Amino acid sequence: MEQQSLKSQIRDAVDQHREELIELSLRIHSHPELGLHEEQAARWLGEFLERYGFRVDKGIAGLPTAFRAAYGNGAPAIALLAEYDALPGVGHACGHNIIAASAAGAALAARLAVDRCGGSVAVIGTPAEEILGGKTSMVEKGVFQEIDAAMLAHPGTANYASIKSLACISLEVEFSGRAAHASARPAEGINALEAMVQSFNHLNSLRQHLYPKDRVHGIITDGGQAANIIPARSAGSFLVRAETEEYLELLKEKVLRCFAAGAAATGAGLDYRWIEPHYAPMKVNNHLAALFTANLEALGRKVLVFRGEAGLASTDMGNVSQVAPSIHPNIAIASPGVGEHTPEFARAAASEDGHRGLLDASKALAMTVLDMLADREALAPVREEFRGSSE
Ligand SMILES: [Zn+2]
């Protein structure tokens, strides 16, 4: 009973700060900053939380735009993750302004739970989700070691308690050949571009033998200097994704064979580099997802089960989910036809529907924090499921 009245106080607290939260979201939205350059967003979030009694540590894990803002002490320690990086050219077309503002809104309201029940809540500011994956190195540096549960609400086109995501690794490839006049002395050249083109064809042949959720895709970043010179160098960037890390290892070998074949056929030299740390797949904690679902449905939103037919990608939240019980909810702010990373989605992230998503996400996250702090028995199955799946 007391928990229900605390939940209604939490909802009221978010509504009381409605204007401020929307203003924070719009301010980040109208000042898009790329990954690792989110100085303003990190500063505004830190200032906002400091105003409400959070202790803010800036530049944690060696990342100048990462931060931790904590309220309360000790266990259970619940983390609300904020992302705030934008995309080149299209601004906040992934709506990370809503992730950031909803983490702040939820944390603000969750103070009620901490004051009443003990434990702690922290907003962890995690830079560069779109590139590099700030969370991967934050996980390696132990930022999430003492965390009992981690959550982050991403805007989208449907409501899910958690998305799933693919393991993903980047690959940089370079072929080196020999330059020659393309017309006068073609026989003397070794064509590094042809090695790359053949590799793409081999990858396309491999596609028939991939599982439906495997992904291999890339671009050519250097295809030569002039049409009358046999290219002595070619280079490309690729991403390789799979459902599990184990299968990703196998897929990496198959992909490499495609490049080795391009090199063998043309006589070009092959250099490659897998970029670690890679993105781990999202390990969804179903008990935590059930708590969040009940809270979001109490706000009148229908929560669907994520099946991954569409919208399957990768996120560095996957790495967090490997070390702490986690969910990655999705909050609908646009109709299903609107794709992420488009100008339309950027507009949705600053619209009335975007604001509603921000407020509902804040409330549902904060109520889920309360569930775990108020009733330690709610946290036990979350922990057990995590331990069970980690063995
Ligand atoms: Zn995103």
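Remarks
- Members of region 137-158 that are over 15 Å from Ala61 (Cα atoms) and surrounded by fewer than 24 Cβ atoms within 10 Å (Cβ to Cβ): Ile147, Asp148, Thr157, Ala158
- Residue match in region 303-314 (condition: over 20 Å from Ala361 (Cα atoms), touching a strand residue (DSSP E or B) at 6+ places or on another chain (Cβ under 6 Å) and either surrounded by fewer than 23 Cβ atoms within 10 Å (Cβ to Cβ) or among the charged types (D, E, K, R) (or both)): yes
- Residue list for region 180-206, restricted to those being within 14 Å of Asp222 (Cα to Cα) and part of a loop (DSSP other than H, G, I, E, B): Asn191
- The criterion of at least 3 residues that are over 20 Å from the mean Cα position of the chain (by Cα) and over 15 Å from Asn286 (Cα atoms) is met by the following helices (runs of 4 or more DSSP H) wholly inside region 304-391: 352-374.
- Check on Gln3, over 22 Å from the mean Cα position of the chain (by Cα) and either part of a helix (DSSP H, G or I) or outside the structural domain of Gly142 (by TED's automatic domain parsing) (or both): yes
- Enumeration of residues in region 90-136 that are of a type in the set (S, T, N, Q) and either away from the ligand (no atom under 16 Å from the Cβ) or surrounded by fewer than 24 Cβ atoms within 10 Å (Cβ to Cβ) (or both): Ser120, Thr136
- Total residues in region 57-71 satisfying the condition of being among the small types (Gly, Ala, Ser) and not in a strand (DSSP E or B): the figure is 4.
- Checklist (1) assigned to a helix (DSSP H, G or I); (2) outside the structural domain of Asn191 (by TED's automatic domain parsing); (3) in contact (Cβ under 8 Å) with a residue 60 or more places away in the chain applied to Ala294, failing item: (3)
For (1) under 21 Å from Leu288 (Cβ atoms); (2) in contact (Cβ under 8 Å) with a residue 40 or more places away in the chain, each residue gets a yes or a no:
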| residue | (1), (2) |
| --- | --- |
| Glu340 | no, yes |
| Pro343 | no, yes |
| Ala349 | no, yes |
| Gly354 | no, yes |
| Gly357 | yes, yes |
| Ala361 | yes, yes |
| Ala366 | yes, yes |
| Ala374 | yes, yes |
| Glu377 | yes, no |
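- Within region 77-102, residues that are within 24 Å of Leu379 (Cα to Cα) sit with their Cβ atoms under 9 Å from residues that are away from the ligand (no atom under 11 Å from the Cβ) and among the acidic types (Asp, Glu), at 6+ positions apart or across chains, in these pairs: Ala77/Glu146; Ala77/Asp148; Ile78/Asp148; Ala79/Asp148; Ser102/Asp360.
- Options Thr342, Thr315; residue that is touching a Ser or Thr at 6+ places or on another chain (Cβ under 6 Å), among the hydroxyl-bearing types (Ser, Thr, Tyr) and within 15 Å of the ligand (Cβ to nearest atom): Thr315
- In this structure, Pro32 does satisfy being under 20 Å from Ala153 (Cβ atoms), at pLDDT 95 or above and assigned to a loop (DSSP other than H, G, I, E, B).
- When restricted to residues that are over 30 Å from Val369 (Cβ atoms) and within 25 Å of the chain's Cα centre (by Cα), region 251-277 contains 7.
- Ala179 vs. criteria touching a residue at least 24 places away in the same chain (Cβ under 8 Å) and assigned by TED's automatic domain parsing to the domain that holds Gly337: no
- So Ile98, is it in contact with a helix residue (DSSP H, G or I) (Cβ under 8 Å, 6 or more places away or on another chain), closer than 18 Å to Ser120 by Cβ and in a helix (DSSP H, G or I): no
- Selection count, region 72-95, where residues are over 14 Å from Ile147 (Cβ atoms), part of a loop (DSSP other than H, G, I, E, B) and touching a Gly at 6+ places or on another chain (Cβ under 6 Å): 1
- Number of positions in region 137-155 that are at pLDDT below 95 and within 16 Å of the ligand (Cβ to nearest atom): 0
The values are calculated or read from the model by the stated rules, or taken from the named source; none is laboratory data. Please read these numbers as outputs of a predicted model, since none were measured by experiment. Every residue, glycine as well, gets a Cβ built from its backbone with ideal geometry; the counts of neighbours run over all protein chains shown.
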